[in-house]
Amino acid sequence: AWAPLVMEGRPAAPVAATRVDGGTELHYGLLARQLLEWLGGQEGCVVETGRRVTALRRDEEAWRVRMTDVATGERMTHRARFVFVGAGGGSLPLLQSTGLPEAAGLGGFPIGGQWLVCDDPAIVSRHVAKVYGATPPSSPSLGAPHLDLRRLDGRPQLLFGPFASWTTRFLKQTGRWTDLPWSLRPDNVGTLLRTAVRNRPLVRYLIAEGLQRMERRMDALRLFYPRARTADWRLVEAGIRVQTLKPSDRGTVSFGTEVFAARDRSLAALLGASPGASVSVNIALQTIRTCLPHLLGSGEARARMSKMIPMYDVDLAQPAQAGLYERCAREADGVLGLTRGDR
Ligand SMILES: Cc1cc2nc3c(=O)[nH]c(=O)nc-3n(C[C@H](O)[C@H](O)[C@H](O)COP(=O)(O)OP(=O)(O)OC[C@H]3O[C@@H](n4cnc5c(N)ncnc54)[C@H](O)[C@@H]3O)c2cc1C
């Protein structure tokens, strides 16, 4: 009854699913804007937007962050003792500009993500859920397919995907077809070639996915929603992820996300497939622990962290912590105004 589109039209046979009752949508773009606005008002903090960082260079004491004003073309340089590179597909080229020996050999290949979208209110109103299937062994690159209700600019829509597509751009909005060729260096060509040779089925899969027709995509959707009609769905290019390849991976592709840290801890970068906006707090914590551990050293700092994150430093995988998790989850539901069972 909670996922009628998924169940209707299915041959009578038992279907197993795990249902998580809690959950809500969160507009991370809006949240990020609010946090940055608050940050900009703090003493000693400035938020600058509309700048494209063109290179990161290290001198004796600090990083020189070179940038260009996107509107005027004016060039400028800032100095920073610590730099965090969180530029999505733009992170790899910036990391390559640092000249750090530990960044040598890093390469990346972009994978586009396409989604099927349905706007028909009569259909959308019948799916108030996010339903995941198992990751098909043939398509590890994009993870498990899912059929979700989303609100984009306040308008409810159904999204199904992702489907992989072939691209050489690293960024959806501002990327260029030259991004991939420009990222090639004598020290990473070997890594990329080795990965292509060791992952021929993956390369074939990516090309086939990109070339497949609408009806084949609809067949994938009908595994979730058997009565889906092609006329109700359209295909959109939703984003690009840049899969980072390291020489130490020896040609295997892990599809994970990782925080890269310079040996002297003066720079960190978020690299990997699709980090997921929802892991941003975890990534910030990982970066602080690795590069700025002194910030967490005092008792006062630990007390503040525990106040902000009640499960800070607690291993929730331990069965003994189940009670704490349950308490925190209930409290969060209360703060967000979610009561179990009415979603
Ligand atoms: C359709 C879709 C649905 C998704 N759903 C979810 C979800 O439900 N939950 C979830 O957790 N995640 C979801 N994701 C994934 C999530 O959107 C990404 O993982 C997340 O946006 C990555 O954030 P980021 O800040 O690291 O990179 P990005 O969002 O790519 O942002 C990087 C920014 O850096 C800028 N930039 C790049 N290079 C430079 C440069 N040289 N100088 C200045 N700026 C630069 C870019 O313009 C961009 O604004 C979804 C993604 C898509 C496409």
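The values are calculated or read from the model by the stated rules, or taken from the named source; none is laboratory data. Remember, predicted model here, so these are calculated numbers, not experimental data. Ideal geometry is used to build each Cβ from the backbone, glycine not excepted, and the neighbour counts take in all protein chains shown.
Answer yes or no as to whether Thr244 is touching a residue at least 12 places away in the same chain (Cβ under 8 Å), within 30 Å of Gly113 (Cα to Cα) and in a helix (DSSP H, G or I). Reasoning before the result, please.
Numbers: touching a residue at least 12 places away in the same chain (Cβ under 8 Å): yes; within 30 Å of Gly113 (Cα to Cα): yes; in a helix (DSSP H, G or I): no.
So Thr244 does not fit the description; no.
Yes/no per residue for (1) in contact (Cβ under 8 Å) with a residue 40 or more places away in the chain; (2) basic (Lys, Arg):
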position: Arg19; (1), (2): no, yes
position: Gly22; (1), (2): yes, no
position: Glu43; (1), (2): no, no
position: Val46; (1), (2): no, no
position: Gly50; (1), (2): no, no
position: Glu61; (1), (2): no, no
position: Arg64; (1), (2): no, yes
position: Met67; (1), (2): no, no
position: Gly86; (1), (2): yes, no
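Kindly establish whether Asp21 is away from the ligand (no atom under 11 Å from the Cβ), at negative phi and under 24 Å from the mean Cα position of the chain (by Cα).
Values: away from the ligand (no atom under 11 Å from the Cβ): yes; at negative phi: yes; under 24 Å from the mean Cα position of the chain (by Cα): yes.
Spelling it out, Asp21 is indeed away from the ligand (no atom under 11 Å from the Cβ), at negative phi and under 24 Å from the mean Cα position of the chain (by Cα).
Got at least one residue in the range 24-37 being more than 15 Å from the ligand (Cβ to nearest atom) and at pLDDT 90 or above? First the steps, then the outcome.
Taking the range 24-37 and keeping what is more than 15 Å from the ligand (Cβ to nearest atom), we get 34, 37.
Subsequent filtering for residues that are at pLDDT 90 or above retains 34, 37.
Checking the range 24-37: at least one residue is more than 15 Å from the ligand (Cβ to nearest atom) and at pLDDT 90 or above.
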Fill in the blank from the handout: Subset of the range 180-232, residues surrounded by 14 or more Cβ atoms within 10 Å (Cβ to Cβ), closer than 20 Å to Phe170 by Cα and aromatic (Phe, Trp, Tyr), comes to Tyr205
Exercise for the section: Among what's in the range 41-75 and is outside any strand (DSSP E or B) and in contact with a strand residue (DSSP E or B) (Cβ under 6 Å, 6 or more places away or on another chain), pick the residue that is farthest from the ligand (Cβ to nearest atom). Expected result: Ala62
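I'd like to check something: does the range 248-256 contain any residue that is over 17 Å from the mean Cα position of the chain (by Cα), part of a loop (DSSP other than H, G, I, E, B) and of a type in the set (Phe, Trp, Tyr)? Spell out how you get there, then give the answer.
Step one: list which residues in the range 248-256 are over 17 Å from the mean Cα position of the chain (by Cα), which gives 248-252.
Adding the requirement that they be part of a loop (DSSP other than H, G, I, E, B) leaves 250-252.
Filter once more, keeping what is of a type in the set (Phe, Trp, Tyr): none.
No, because not a single residue in the range 248-256 is over 17 Å from the mean Cα position of the chain (by Cα), part of a loop (DSSP other than H, G, I, E, B) and of a type in the set (Phe, Trp, Tyr).
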Fill in the blank from the handout: Of the residues in the range 302-335, those that are acidic (Asp, Glu) and more than 25 Å from Ile288 (Cα to Cα) number 3
Completion exercise
Condition set more than 16 Å from the ligand (Cβ to nearest atom) and outside any helix (DSSP H, G or I), scope the range 178-217, selection farthest from Ala103 (Cα to Cα): answer is Arg213
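Being surrounded by fewer than 13 Cβ atoms within 10 Å (Cβ to Cβ), within 13 Å of the ligand (Cβ to nearest atom) and not hydrophobic (A, V, I, L, M, F, W, C) is true for just one of Arg155, Arg151. Which residue is that?
Unique residue meeting the criteria: Arg151.
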Practice task
Evaluate the range 96-110: report whether one residue or more is within 23 Å of Val242 (Cα to Cα), more than 17 Å from the chain's Cα centre (by Cα) and within 12 Å of the ligand (Cβ to nearest atom).
Solution key: yes
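Take the conditions of a type in the set (Lys, Arg) and surrounded by fewer than 13 Cβ atoms within 10 Å (Cβ to Cβ) and apply them to Arg51. Does it pass?
no
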Practice task
Considering only the range 76-140, give the strands (runs of 3 or more DSSP E) lying wholly within it that have at least 1 residues that are surrounded by fewer than 16 Cβ atoms within 10 Å (Cβ to Cβ).
Solution key: 130-132
Practice task
Residue by residue through the range 247-260, note down the ones that are at pLDDT 80 or above and either surrounded by 18 or more Cβ atoms within 10 Å (Cβ to Cβ) or under 17 Å from Val279 (Cβ atoms) (or both).
Solution key: Thr257, Glu258, Val259, Phe260
Exercise for the section: Kindly list, by first and then second residue, each pair from a residue in the range 168-188 that is under 23 Å from Arg51 (Cα atoms) to a residue that is part of a loop (DSSP other than H, G, I, E, B) and hydroxyl-bearing (Ser, Thr, Tyr), limited to pairs with Cβ atoms under 6 Å and residues at least 6 apart or on different chains. Expected result: Trp177/Thr168; Leu180/Thr168
Fill in the blank from the handout: Restricting the range 166-177 to residues that are more than 12 Å from the ligand (Cβ to nearest atom) and either among the polar types (S, T, N, Q) or closer than 24 Å to Arg216 by Cα (or both), the one surrounded by the fewest Cβ atoms within 10 Å (Cβ to Cβ) turns out to be Trp166
Exercise for the section: Any chance you could count how many residues in the range 259-310 are closer than 20 Å to Gln243 by Cβ, aliphatic (A, V, I, L, M) and either under 16 Å from the mean Cα position of the chain (by Cα) or within 11 Å of the ligand (Cβ to nearest atom) (or both)? Expected result: 8
Practice task
Kindly indicate whether any position in the range 222-231 is among the basic types (Lys, Arg), within 30 Å of Arg126 (Cα to Cα), out of contact with any Ser or Thr (no Cβ under 9 Å at 6 or more places or on another chain) and assigned to a helix (DSSP H, G or I).
Solution key: yes
